[in-house]
1. Return only the number of the condition from (1) farther than 22 Å from residue 114 by Cα; (2) under 19 Å from the mean Cα position of the chain (by Cα); (3) surrounded by 15 or more Cβ atoms within 10 Å (Cβ to Cβ) that residue 226 does not satisfy.
2. From 233, 244, which residue is within 16 Å of ligand 3 (Cβ to nearest atom), open to solvent by less than 20 Å² (accessible area, probe 1.4 Å), of a type in the set (S, T, N, Q) and under 25 Å from residue 260 (Cα atoms)?
3. Pairs please, first residue from the range 22-43 and at positive phi, second anywhere and hydrophobic (A, V, I, L, M, F, W, C), Cβ atoms under 8 Å, 6+ apart in sequence or on different chains.
4. Kindly list the number of the only condition in (1) over 19 Å from the mean Cα position of the chain (by Cα); (2) charged (D, E, K, R); (3) modelled with pLDDT under 95; (4) within 23 Å of residue 267 (Cα to Cα) that fails for residue 139.
5. Can we say residue 270 is assigned to a helix (DSSP H, G or I) and within 17 Å of residue 114 (Cβ to Cβ)?
6. Are there any pairs, at least 6 apart or on different chains, whose C-beta atoms fall under 9 Å, with the first in the range 116-127 and in contact (Cβ under 8 Å) with a residue 60 or more places away in the chain and near ligand 1 (Cβ under 8 Å from one of its atoms) and the second part of a helix (DSSP H, G or I) and not aromatic (Phe, Trp, Tyr), and if so, which?
7. Which one of 133, 175, 184, 115 is under 18 Å from the mean Cα position of the chain (by Cα) and under 20 Å from residue 226 (Cα atoms)?
8. Can you go through 181, 203 and tell me which one is of a type in the set (D, E, K, R) and open to solvent by less than 20 Å² (accessible area, probe 1.4 Å)?
Amino acid sequence: YCKLLSFRPANANSQEQTGAATSHLSLADDLREAIAQQQLQLYFQPQIDIDAGSVCGVEALCRWFHCEYGMIPPDKFITLAESVGIITDLDLWVLRASCQQLLQWRSKGLSIPAISVNLSSVNLRYPALPELISQVLQESQLTTDDVIIEITESGFVEHEPIVQDVINKLHANGIQLSVDDFGIGYSNLSRLQTLPVSQLKLDRSLIEHIETSGIARSISEAALQIGKSMKLQVVAEGVESEKQYQILKALGFHVAQGYLFSAPLNVSQFELWVLSH
Ligand code: C2E
Ligand code: MG
Ligand code: MG
Ligand code: MG
């Protein structure tokens, strides 16, 4: 794959603008190829049930190791995939690979209750998406209890009927939805009560200041109470210190995720981590 890429004619554009556009396109081509050739990798970050102190789930996070440019962070290539129309392929690849991984862990006797997978809000404009997601679950013989789909809060805020339809269809198919990065979107709180979601993930920028800022703590507590009153599971993400964890525990958060427990790990590292915890 890398050798093939190096045969691509060098970018001999004298005009810088064309050069930038070309490299954007060629990176998009590389990404298209990376998806098709399974050159993307999943990393896994454990989620901890705060009451039980045990692993209650795992979030799959996508990584792209480009042969020339090295590791490209998801914030960069997800935006690229969205802009060139390949985010559906990417997210479905991630979902499929995540389901297979979960099955493999279970066949090895590792008990992982569920896997969380991120879905770009761009995909909420794709009417066929709910069926495709259900198909992937059926093919892997997993149930809707095994998978949680995370969509950022700002993605849910869209009022367009098509987005609403897709969300409703996902829900009707039993798919568990999580509101990712909650608390930094537009926080249309009245909209939240009509959303068919089962989990809130509080954004790490709030957790980051929970020790030092009374305001961050109040907002986190308010978000927790909103979630609880809607019978949602509330997750704190980006937990980095023991002190933060103790505060979250005292406040009554359900689940914690962050560097305090583990950074995202590759498959073998993750398996070792689970076995030793
Ligand atoms: P996210 O879904 O909110 O994922 C959490 C991000 O926070 C991850 O960054 C994770 O590595 C990082 N993180 C976890 N714990 C800590 C912590 O304690 N401290 C700090 N500072 N960071 C922590 P990552 O892996 O770079 O992913 C960034 C974003 O890219 C994700 O945010 C998600 O929105 C998106 N993404 C990743 N994989 C996929 C994918 O397969 N599909 C889609 N559509 N988006 C993805
Ligand atoms: Mg996420
Ligand atoms: Mg998040
Ligand atoms: Mg994020």
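The values are calculated or read from the model by the stated rules, or taken from the named source; none is laboratory data. Owing to the predicted nature of the structure, the values given are computational and were not obtained by experimental measurement. As a convention, Cβ positions derive from the backbone with ideal geometry for all residues, glycine included, and neighbour counts pool all protein chains shown. Surface areas here come from the heavy atoms of the whole protein model, side chains and all, with no ligands, DNA or RNA. Shrake-Rupley method; radii C 1.70, N 1.55, O 1.52, S 1.80 Å.
1. Among (1) farther than 22 Å from residue 114 by Cα; (2) under 19 Å from the mean Cα position of the chain (by Cα); (3) surrounded by 15 or more Cβ atoms within 10 Å (Cβ to Cβ), residue 226 violates only (2).
2. 244
3. 38/93
4. For residue 139, the exception is condition (3).
5. yes
6. Note: pairs meeting the criteria are 118/74; 118/78; 118/91; 118/94.
7. Going through 133, 175, 184, 115 in turn, the sole match is 184.
8. Answer to the check: 203.
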